[in-house]
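Read the structure below first, then the notes.
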Amino acid sequence: MTLQGRVAVVTGAGRGLGRDIALGLAEAGMHLALVARTGQQVRAVAEEATQAHGVRAFPAALDVRDAAAVQRLVAHVEQQVGPIDLLVNNAARIERQELPFWECDVEDAWDVVEVNLRGPMVVTRALLPAMVQRGRGHVVNVTSLARAAARTGTYTGYAVSKRALSALTASLAEPLAGTGVVAVDVLPGLVRTGLTGSMPVWADVPDDGWDDAAATVHVVLDVARGRYDDRSGDVLDAPALAAAREP
Ligand SMILES: NC(=O)c1ccc[n+]([C@@H]2O[C@H](COP(=O)([O-])OP(=O)(O)OC[C@H]3O[C@@H](n4cnc5c(N)ncnc54)[C@H](OP(=O)(O)O)[C@@H]3O)[C@@H](O)[C@H]2O)c1
């Protein structure tokens with residue numbers, strides 16, 4: 001299925017994986033709404049997408065937890081750019097300190113849960129009605145195995161948020177069945193970004209120990225094209241799927 005002229009919303013699109021996903025979708029011809037709190041970063045990515053690929057790209061500096069701002073964005077995009085075919089819930093943060101739960105700042109851990117879970121809930125809730133009404137749409141939740149948390153007992157808020165996000169994806173599968181709307185999780189593996197760079201646990205990972213962001217971009221494009229429409233509610237492991245594609 002061609003993605004040319006279709007419309008995607010990508011959250012956390014100012015840097016890291018979200019930026020790569022946004023530019024990958026633009027290369028495939030999708031118009032974009034790009035969300036993050038740092039306006040300068042989303043504006044720069046939007047400009048790059050437009051200049052390099054000739055698509056329309058609307059930068060939106062907002063917090064994914066702000067339901068009113070998200071609602072205004074969705075209304076604006078649907079009116080000015082077109083019906084939204086793809087939502088990529090990619091925005092997330094991680095705890096500021098690498099500490100066991102019993103030593104952590106629980107307010108910081110809860111803020112992580114809010115951004116990583118309430119954010120996708122707010123944005124998905126805003127977009128789904130129109131997708132269901134049109135009988136078409138894809139939702140990608142970028143989630144994680146939270147291996148650092150499992151290995152070290154740290155980043156508990158992040159681990160809780162990502163498990164809960166997967167539960168959201170799985171619990172949408174049945175009610176969405178037959179609506180034409182598909183929701184999946186995508187696991188990026190371990191990708192060198194600002195987020196992983198802030199985590200002491202990954203400081204010693206050798207250059208060849210990182211996964212390529214291109215694997216995640218590839219899977220998101222495949223989801224948008226309908227390749228995984230029979231996998232609604234499932235988890236798609238981007239590096240594993242990339243390895244399986246290699247000759
Ligand atoms: N990197 C990895 O190895 C890895 C592995 C597994 C899963 N993931 C997942 O992949 C996704 C992207 O991670 P990344 O490594 O690319 O992180 P990143 O480089 O830190 O980028 C995160 C993006 O999310 C935005 N963001 C954070 N809080 C936000 C909020 N409240 N509202 C709106 N935007 C917000 C940030 O911009 P502002 O701060 O300007 O808002 C930024 O654009 C996340 O869901 C992460 O959990 C990453």
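The values are calculated or read from the model by the stated rules, or taken from the named source; none is laboratory data. Please read these numbers as outputs of a predicted model, since none were measured by experiment. Heads up, the Cβs are rebuilt from the backbone with ideal geometry, glycines too, and the neighbour counts pull from every protein chain shown. We work out accessible area using only protein heavy atoms, side chains counted, and drop any ligands, DNA or RNA first. Shrake-Rupley method; radii C 1.70, N 1.55, O 1.52, S 1.80 Å.
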Checklist entry - Taking all protein chains as present, what is the carbon and sulfur share of the accessible area of the range 7-245, in % to the nearest whole number, probe 1.4 Å? => result 51
Checklist entry - When DSSP beta bridges are limited to those with both residues in the range 7-245, what percentage is antiparallel, rounded to the nearest 5? => result 5
Checklist entry - If we count every other residue with Cβ under 13 angstrom of L168's Cβ, Lys/Arg +1 and Asp/Glu -1, where does the sum land? => result +2
Item to check | Charge dipole (the range 80-239, unit charges on Cβ, about Cα centre) - positive-most of G197, Q97, V123 | outcome: V123
Checklist entry - How many angstrom lie between the C-alpha centres of the range 123-165 and the range 37-108? => result 14
Item to check | Within the chain, helix-based [θ] at 222 nm, where runs of 4 or more DSSP H residues each add -39,500 (n - 2.57), nearest 500 | outcome: -14500 deg cm²/dmol
Checklist outcome for this item: Amide H contacts under 5 Å for G137, restricted to residues at least 5 apart in sequence or on another chain and with H modeled in the peptide plane, are V182
